[in-house]
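Q: For reference, the structure I am asking about is given below.
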Amino acid sequence: MVQLLIYAALLHPVHETVSEIEWNEKSHRLEVALRLDVLDEQWLRRQLGTNAKVDDWAIRYLQKTFRVAPLPEKGQPDPTRYHWIGRDAEGSHAWWYFEIEPLDRSRPKSIQQRMLFEKEDNFVNRILVLGQVPRRSLVLTIGRPRADLDQSKASLQPAVRPAN
């Protein structure tokens, strides 16, 4: 039975990223910790045709695929600014840390995540919305790459802790 489960898992590998996001009211930035498979990171590097360090090309890729505002029209300014924080390795995964700053300083109302859809059309991007009770999770796919963050009034709001 165990061998059958292992075989089934190998036939249907899980292709996903997992992100944790939280709005920082003081900096007016969306803080993001994104976990992706190292093999997917290497694939991206090859597709982008670069041997540069991750921080040299990752933000350019994120600006196109991990959005809290629509992509600007050609020649128009981007309503967001991206800030690279760093990268960590954890076994077979890499963690990318970055912030998205809406230039109007307003809390994002939606999120769009299209990372790695060009690699696998069954790719799944999971997003955990932190800073609220209970925590919310979003699953974004090629068929549903965008989700509203204001589906509940608590979205991206600081967690309210009961008084002791």
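The values are calculated or read from the model by the stated rules, or taken from the named source; none is laboratory data. It should be emphasised that the depicted structure is a prediction, and the values quoted were computed from it without experimental measurement. Backbone-built Cβ (ideal geometry, glycine too); neighbour counts: all protein chains shown. Surface accessibility is based on the protein's heavy atoms, side chains included, excluding ligands, DNA and RNA. Shrake-Rupley method; radii C 1.70, N 1.55, O 1.52, S 1.80 Å.
Q: Which aspartates and glutamates, on any chain, are close to LYS119 with Cα under 20 Å apart, when same-chain ones fewer than 8 places away are left out?
A: GLU16, ASP37, ASP40, GLU41
Q: Also: Among the lysines, which fall within straight-line cross-link reach of LYS109, defined as a Cα-Cα distance under 16 Å, with same-chain neighbours fewer than 8 residues apart omitted?
A: Output for LYS109: LYS153.
Q: Let me ask something additional. For region 41-145, which whole-number percentage of the solvent-accessible area (1.4 Å probe, protein heavy atoms only) is attributable to carbon and sulfur atoms? Write down the numbers at each step before the final one.
A: Numbers: 2860 of 5930 Å².
Here it works out to 48 percent.
Q: Need one number: nm distance between label points at ALA52 and HIS83, each 7 Å from Cα along Cα→Cβ, rounded to one decimal.
A: Output for this residue pair reads 2.1 nm.
Q: Students often get this wrong: which residues of region 23-48 have the backbone nitrogen under 19 Å from the point 7 angstrom along Cα-to-C-beta of VAL124?
A: 34-41
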